[in-house]
Amino acid sequence: MAAGLMPAAGCIWVLSVIILWRRSRQGGERFDLDVLAGGVLFLLTAGFFWRTITGDVYQPADGGDLVSFLFPTYRFAASRLAQGELPLWNPHLYGGAPFIADIQGGFLYLPNLILFLFNPQFPYAALQWLAIGHLYWAGLGMYVLLRVLRWPQAPVMRPAALFGAIAFQYSDPLMIHLGNLNLIAVLSWLPWVFAAYALAIERRRLAWAGAAGVLFALANYAGHAQSSLYVGLALVVYTALRLAAASSRREAARQAVPALFVVLGLAALLSAPILLPAVELAGYTARSEFVYQDTVGYSLAPAQAIGLLTPGFFGRGPALHWGLWDRVETPYAGVAAMLLAAAALLLASGRVRRELWPWVGLGLFGFVTALGVYAVVHGWLTVLLPGFDQFRAPARALALWTFAVATLGAVGVDLAARRDGAVEPGDAGARPALFDALLRTGALVLFGVVLPLAFLALLLTQESETIFLRASVAALALALAAGFWAATWALIGGRKAGWWSPAMFGLLMAGLLFFDLAATGAYTDISERDPSAGFEHPEITAFLQGEPGPFRIDTRTGIEGLWQPDGAALHGLQDVGGIANPLLLQHWDALWESTGGRHTRLYDMFNVEYVLAEDGVTLSEGKFEPALDAPGPLAVYRNLTALPRAWVVYAAVSAPDLPAALEAIRQPDFDPEQSVVLTAPGDEPPALPAELVASAAAPGGDAATVTAYGGNRLAFDVEAAAPGVLVISEVWYPGWRAAVNGKAADVWAANGGLRAVAVPAGSSTVELVFRPLPWRIGIGAALVGLIGLAALLWIEGGRPETRRSR
């Protein structure tokens with residue numbers, strides 16, 4: 001694992017070194033101190049997650065998506081790559097699915113790819129390391145961004161940049177998704193994209209915009225479309241607000257608009273190999289039928305806005321969560337970060353404040369969008385933005401809020417330190433006095449009103465264990481918030497009194513913020529139990545792996561608590577089910593529901609030879625028999641009437657669409673072993689040979705011999721007594737191409753969701769290859785993007801850099 005991650009760590013460190021070195025060379029600043037700050041962030045990350053890194057605990061406790069989805073999925077991708085094959089199709093789950101179209105697969109994402117190639121059998125702990133590493137990458141990127149931005153002539157001091165990095169890295173929208181690696185990975189690139197974009201605007205160099213586009217594309221390959229959309233929206237919203245706040249909008253537009261088009265256009269082209277297949281897949285999944293009510297699940301309820309002050313009022317982890325609302329991320333980035341963000345607005349001069357308004361607007365946009373059903377803005381976006389209506393969990397937009405708060409907080413630290421020559425403080429007057437009043441009033445309310453009421457609630461709720469527990473959770477959260485508010489006030493007062501230098505003040509504030517975020521998040525949702533233990537069923541997996549195949553297993557028997565639903569992908573088996581996934585093919589799910597149960601002949605066409613269920617479960621007598629009584633509560637049952645992976649039938653009917661085909665196979669006289677219902681989805685009903693429309697020329701059911709079986713290629717030897725149809729128990733999906741005896745042939749949808757190919761009488765060879773058109777178009781688009789990037793760098797190479805004018 002370490003060998004696989006070291007090259008990735010080297011690459012990302014080189015990137016940060018290049019950006020900061022160029023900045024230091026142009027500004028004459030000490031580059032070694034920036035490198036030292038990166039090292040400090042690394043040590044803080046190790047200290048924050050020390051229990052997880054040492055293997056003492058697992059975080060999150062139940063593993064979340066990290067164990068249930070990503071671990072088996074990534075191991076499948078790694079095994080295919082180790083065999084020299086791109087995993088375009090995944091035959092292991094849901095009867096088979098287009099893996100390249102499932103953007104969450106992430107096998108082309110650079111850090112994942114390095115891990116997969118260097119250690120295909122990586123342990124679950126490697127994914128925890130990747131998640132923690134991306135949090136560090138988010139913090140390091142935030143530090144770089146804050147050292148790149150000018151306010152207006154110089155960046156914030158290094159301790160202030162460190163403060164902002166800590167605020168973003170450990171903010172709740174990232175920490176709550178520690179089990180959602182692809183979400184964290186995409187968002188970890190947000191500050192890096194902004195840093196390159198800011199340099200493009202400041203230097204008036206589109207080459208930096210090209211770099212931002214490359215970084216954005218790299219983030220997209222991590223595989224979380226919603227987060228990618230938020231990164232793009234952040235760029236657009238920030239640019240629009242920047243133009244609105246500029247003193248000369250025409251000049252500002254000349255600087256920013258071309259750069260924005262380059263960033264978004266290049267990112268789209270370079271990401272096309274995964275984006276275009278994902279767009280095609282969306283039309284075949286349940287997401288295509290989402291209504292607005294589906295999209296607003298996991299909105300930030302207004303009551304949860306108390307997360308501005310504390311993330312734990314309603315319980316930070318799932319074990320202690322209470323309230324009428326879904327557990328979602330909160331807008332928490334630390335008490336000190338919130339107060340210093342307010343300081344940025346109240347202490348800055350008018351010139352600096354004009355630079356801050358776009359960040360304020362970006363943060364408010366993220367916050368209001370996160371409200372989802374509780375605010376109309378989210379509804380507007382579902383109408384105005386293509387694809388936005390296919391995403392749930394609006395609260396995830398809070399990442400933009402904490403991103404802006406971290407930026408404003410860093411500026412606030414610099415202003416509170418009154419560092420000459422960097423951020424220009426405002427004139428003494430009402431606004432600084434207002435900030436002092438905010439600190440005093442907040443402390444008075446927290447200590448004089450809120451905490452007494454919280455402790456009174458503890459006294460009044462002791463008769464009910466449940467209510468007392470909730471009151472205790474809320475009281476503890478409020479006590480911590482009050483303590484960190486008072487500590488922030490004390491540090492600011494000490495700086496005003498001259499007790500410490502500006503740099504020391506910045507370091508103290510960064511330390512306080514880290515202590516705040518660690519106290520409220522470092523030990524949240526942890527467990528000493530390995531969440532990947534659910535994959536360990538050695539007797540069952542050894543038995544199934546030793547049976548001749550191909551065949552499928554059926555784990556859709558309510559054993560999710562005993563068998564990891566995606567375990568087949570890890571063990572090299574093939575399952576008709578998998579973890580609950582909104583990208584499940586609708587026609588496969590509809591076909592499964594149409595079988596009528598395991599006792600029917602329709603069920604047999606799934607090639608399910610073994611069913612996993614709890615001991616003592618009742619299955620159809622005479623159809624299933626015990627095959628393995630494994631240690632523990634699970635047993636394996638053999639299906640005695642399962643159909644093979646492919647068989648020949650000699651009678652067929654056509655259906656105009658898949659729902660009509662499902663209706664046809666539900667008729668009592670339909671036998672999948674003797675006839676087939678064919679559909680050509682998206683086209684006219686297939687024209688059938690006359691001999692297939694008439695009564696069957698021969699009894700069906702002749703099994704075809706599987707001669708090759710890979711993720712992207714299948715081959716069969718077929719012996720047909722007459723012209724017939726080879727029914728293949730594989731999920732139909734566009735992109736599969738067939739050849740019969742070397743000649744191209746149509747691939748039809750069979751019986752509402754399987755595949756079928758017409759075969760002639762006698763011996764024949766049938767080959768199917770998965771070559772999806774969107775993937776091939778995407779490769780071409782990416783090549784165009786690379787050519788465009790090279791041309792841009794060549795054109796820009798001879799131009800001197802120009803600082804922007806203010």
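The values are calculated or read from the model by the stated rules, or taken from the named source; none is laboratory data. Here the structure is a predicted model, which means the values were calculated and not measured. No Cβ is skipped: glycine too gets one built from the backbone with ideal geometry, and neighbour counts run over all protein chains shown. Each accessible area value is taken on the protein alone, full model and side chains, heavy atoms only, with ligands, DNA and RNA left out. Shrake-Rupley method; radii C 1.70, N 1.55, O 1.52, S 1.80 Å.
Can you name every residue in segment 510-539 that is in contact (Cβ under 8 Å) with a residue 40 or more places away in the chain, in a loop (DSSP other than H, G, I, E, B) and surrounded by fewer than 20 Cβ atoms within 10 Å (Cβ to Cβ)? Give the derivation first.
Taking segment 510-539 and keeping what is in contact (Cβ under 8 Å) with a residue 40 or more places away in the chain, we get 510, 512-514, 516-518, 520-532, 534-535, 537, 539.
Then keep just the ones that are in a loop (DSSP other than H, G, I, E, B); that gives 522-526, 528-530, 537.
Hits for segment 510-539 are ALA522, TYR523, ILE526, GLU528, ARG529, ASP530.
Consider ALA542 carefully, then state whether it is in a helix (DSSP H, G or I) and closer than 30 Å to GLU329 by Cα.
Values: in a helix (DSSP H, G or I): yes; closer than 30 Å to GLU329 by Cα: no.
Considered against the rule, which asks whether it is in a helix (DSSP H, G or I) and closer than 30 Å to GLU329 by Cα, ALA542 comes out as no.
Restricting attention to segment 396-415, which residues are farther than 19 Å from VAL148 by Cα and either open to solvent by 10 Å² or more (accessible area, probe 1.4 Å) or touching a Pro at 6+ places or on another chain (Cβ under 8 Å) (or both)?
Within segment 396-415, ARG396, LEU398, ALA399, TRP401 meet the criteria.
List, please: which pairs have Cβ atoms under 6 Å, are six or more places apart or on different chains, and start with a residue in segment 167-186 that is free of Cβ contacts under 8 Å to residues at least 40 places away in the same chain and end with one that is crowded, with 24+ Cβ neighbours inside 10 Å and among the aromatic types (Phe, Trp, Tyr)?
Every condition considered, no pair remains.
As an exercise: evaluate PRO672 against (1) touching a Ser or Thr at 6+ places or on another chain (Cβ under 7 Å); (2) modelled with pLDDT under 95; (3) buried (at least 22 other Cβ atoms within 10 Å of the Cβ) and give the number of the one condition it does not meet.
(1)
In segment 327-352, what count of residues is obtained for those that are among the hydroxyl-bearing types (Ser, Thr, Tyr) and open to solvent by less than 10 Å² (accessible area, probe 1.4 Å)?
We begin by selecting, within segment 327-352, every residue among the hydroxyl-bearing types (Ser, Thr, Tyr); these are 330, 332, 349.
Then drop every residue that is not open to solvent by less than 10 Å² (accessible area, probe 1.4 Å), which leaves 332.
Residues in segment 327-352 being among the hydroxyl-bearing types (Ser, Thr, Tyr) and open to solvent by less than 10 Å² (accessible area, probe 1.4 Å): 1 in total.
Yes or no: segment 759-775 includes at least one residue that is at pLDDT 95 or above, of a type in the set (Phe, Trp, Tyr) and assigned to a strand (DSSP E or B).
yes
Give me the pairs, please: first residue somewhere in segment 719-732 and within 21 Å of SER763 (Cβ to Cβ), second residue anywhere and outside any loop (DSSP other than H, G, I, E, B) and of a type in the set (Phe, Trp, Tyr), beta-carbon distance under 6 Å, and either six or more positions apart or on two chains.
From segment 719-732, the pairs are VAL727/TRP647.
For LEU356, indicate whether it is at negative phi, among the hydrophobic types (A, V, I, L, M, F, W, C) and free of Cβ contacts under 8 Å to residues at least 24 places away in the same chain. Working first, answer last.
Values: at negative phi: yes; among the hydrophobic types (A, V, I, L, M, F, W, C): yes; free of Cβ contacts under 8 Å to residues at least 24 places away in the same chain: no.
In short, no.
Being closer than 17 Å to VAL731 by Cβ, buried (at least 18 other Cβ atoms within 10 Å of the Cβ) and in contact with a Gly (Cβ under 9 Å, 6 or more places away or on another chain) is the filter here, so list the residues in segment 765-774 that pass it.
Result: PHE770, PRO772.
Looking only at residues that are over 13 Å from ALA410 (Cβ atoms), open to solvent by less than 10 Å² (accessible area, probe 1.4 Å) and aromatic (Phe, Trp, Tyr) in segment 134-173, which one is nearest to the chain's Cα centre (by Cα)?
TRP137
So, GLN83, is that one open to solvent by 20 Å² or more (accessible area, probe 1.4 Å) and not hydrophobic (A, V, I, L, M, F, W, C) or not? Spell out the reasoning first.
Numbers: open to solvent by 20 Å² or more (accessible area, probe 1.4 Å): yes; not hydrophobic (A, V, I, L, M, F, W, C): yes.
So GLN83 fits the description; yes.
Can you tell me how many residues in segment 550-571 are open to solvent by 50 Å² or more (accessible area, probe 1.4 Å) and in contact (Cβ under 8 Å) with a residue 60 or more places away in the chain?
Result for segment 550-571: 1.
Out of the residues in segment 546-581 that are of a type in the set (S, T, N, Q) and more than 12 Å from VAL636 (Cβ to Cβ), state the one that is modelled with the highest pLDDT.
Going through segment 546-581, the residues of a type in the set (S, T, N, Q) turn out to be 555, 557, 564, 574, 581.
Retained after the next criterion (residues that are more than 12 Å from VAL636 (Cβ to Cβ)): 564, 574, 581.
Working: GLN564: 93, GLN574: 96, ASN581: 85.
So the residue we want is GLN574.
Please go through (1) of a type in the set (Gly, Ala, Ser); (2) open to solvent by less than 60 Å² (accessible area, probe 1.4 Å); (3) within 24 Å of the chain's Cα centre (by Cα) for ALA580 and return the number of the only condition it doesn't satisfy.
For ALA580, the exception is condition (2).
When both residues are 6+ apart or on different chains and their Cβ atoms are under 8 Å apart, which pairs have a first residue that lies in segment 38-56 and is outside any helix (DSSP H, G or I), and a second that is surrounded by 16 or more Cβ atoms within 10 Å (Cβ to Cβ) and of a type in the set (Val, Ile, Thr)?
Filtered contacts from segment 38-56: PHE49/ILE132.
Within segment 212-270, can you find the residues that are crowded, with 23+ Cβ neighbours inside 10 Å and outside any helix (DSSP H, G or I)?
TYR221, ALA222, GLY223, HIS224
Considering segment 177-210 alone, what residues qualify as being within 13 Å of the chain's Cα centre (by Cα) and either surrounded by fewer than 24 Cβ atoms within 10 Å (Cβ to Cβ) or not polar (S, T, N, Q) (or both)?
Pass one, segment 177-210, residues within 13 Å of the chain's Cα centre (by Cα): 177-189.
Across segment 177-210, the qualifying residues are HIS177, LEU178, GLY179, ASN180, LEU181, LEU183, ILE184, ALA185, VAL186, LEU187, TRP189.
Just to be sure before I move on: is ARG645 open to solvent by less than 70 Å² (accessible area, probe 1.4 Å), touching a residue at least 60 places away in the same chain (Cβ under 8 Å), among the basic types (Lys, Arg) and within 18 Å of THR600 (Cα to Cα) in the structure I sent?
When the stated conditions are applied, ARG645 passes them.
Taking the criterion of being in a loop (DSSP other than H, G, I, E, B), open to solvent by less than 20 Å² (accessible area, probe 1.4 Å) and not hydroxyl-bearing (Ser, Thr, Tyr), would at least one residue in segment 113-124 satisfy it?
Here is the first cut: in segment 113-124, the residues in a loop (DSSP other than H, G, I, E, B) are 119-123.
In the following step, the residues that additionally are open to solvent by less than 20 Å² (accessible area, probe 1.4 Å) were identified as 122.
Now narrow it down to the ones that are not hydroxyl-bearing (Ser, Thr, Tyr): 122.
Scanning segment 113-124, I find at least one residue that is in a loop (DSSP other than H, G, I, E, B), open to solvent by less than 20 Å² (accessible area, probe 1.4 Å) and not hydroxyl-bearing (Ser, Thr, Tyr), so the answer is yes.
Select, from TYR284, TYR292, the only residue that is surrounded by fewer than 19 Cβ atoms within 10 Å (Cβ to Cβ) and either over 30 Å from GLY506 (Cα atoms) or touching a Cys at 6+ places or on another chain (Cβ under 8 Å) (or both).
Working: TYR284 fails: surrounded by fewer than 19 Cβ atoms within 10 Å (Cβ to Cβ).
Testing whether each residue is surrounded by fewer than 19 Cβ atoms within 10 Å (Cβ to Cβ) and either over 30 Å from GLY506 (Cα atoms) or touching a Cys at 6+ places or on another chain (Cβ under 8 Å) (or both) leaves just TYR292.
So which residues in segment 368-377 are assigned to a helix (DSSP H, G or I) and buried (at least 22 other Cβ atoms within 10 Å of the Cβ)?
Initially, segment 368-377 is screened for residues assigned to a helix (DSSP H, G or I), giving 368-370, 372-374, 376-377.
Those that are assigned to a helix (DSSP H, G or I) and buried (at least 22 other Cβ atoms within 10 Å of the Cβ): THR369, ALA370, GLY372.
Taking segment 609-642, which residues are open to solvent by 70 Å² or more (accessible area, probe 1.4 Å) and either in contact (Cβ under 8 Å) with a residue 40 or more places away in the chain or aliphatic (A, V, I, L, M) (or both)?
GLU614, PRO631, LEU640
Of everything in segment 717-751, what is on the phi > 0 side of the Ramachandran plot, of a type in the set (S, T, N, Q) and surrounded by 17 or more Cβ atoms within 10 Å (Cβ to Cβ)? Give them in sequence order.
Matches in segment 717-751: ASN751 only.
Among the listed residues ARG150, ARG242, ARG204, which satisfies the condition of being charged (D, E, K, R), without any contact (Cβ under 8 Å) to a residue 60 or more places away in the chain and out of contact with any Phe, Trp or Tyr (no Cβ under 6 Å at 6 or more places or on another chain)? Lay out the reasoning, then the answer.
Working: ARG242 fails: without any contact (Cβ under 8 Å) to a residue 60 or more places away in the chain; ARG204 fails: without any contact (Cβ under 8 Å) to a residue 60 or more places away in the chain.
Testing whether each residue is charged (D, E, K, R), without any contact (Cβ under 8 Å) to a residue 60 or more places away in the chain and out of contact with any Phe, Trp or Tyr (no Cβ under 6 Å at 6 or more places or on another chain) leaves just ARG150.
Consider ALA303 carefully, then state whether it is farther than 20 Å from LEU174 by Cβ and either part of a helix (DSSP H, G or I) or in contact (Cβ under 8 Å) with a residue 60 or more places away in the chain (or both). Write out each step before concluding.
Values: farther than 20 Å from LEU174 by Cβ: yes; either part of a helix (DSSP H, G or I) or in contact (Cβ under 8 Å) with a residue 60 or more places away in the chain (or both): yes.
Answer is yes for this residue.
Within segment 282-318, how many residues are among the aromatic types (Phe, Trp, Tyr) and closer than 30 Å to ALA486 by Cα?
Of segment 282-318, the ones among the aromatic types (Phe, Trp, Tyr) are 284, 290, 292, 298, 313-314.
In the following step, the residues that additionally are closer than 30 Å to ALA486 by Cα were identified as 313-314.
Adding up the residues that qualify gives 2.
Among the numbered conditions (1) under 23 Å from ALA487 (Cβ atoms); (2) part of a helix (DSSP H, G or I), tell me where TYR332 comes up short.
Tallying (1) under 23 Å from ALA487 (Cβ atoms); (2) part of a helix (DSSP H, G or I), TYR332 fails exactly one: (2).
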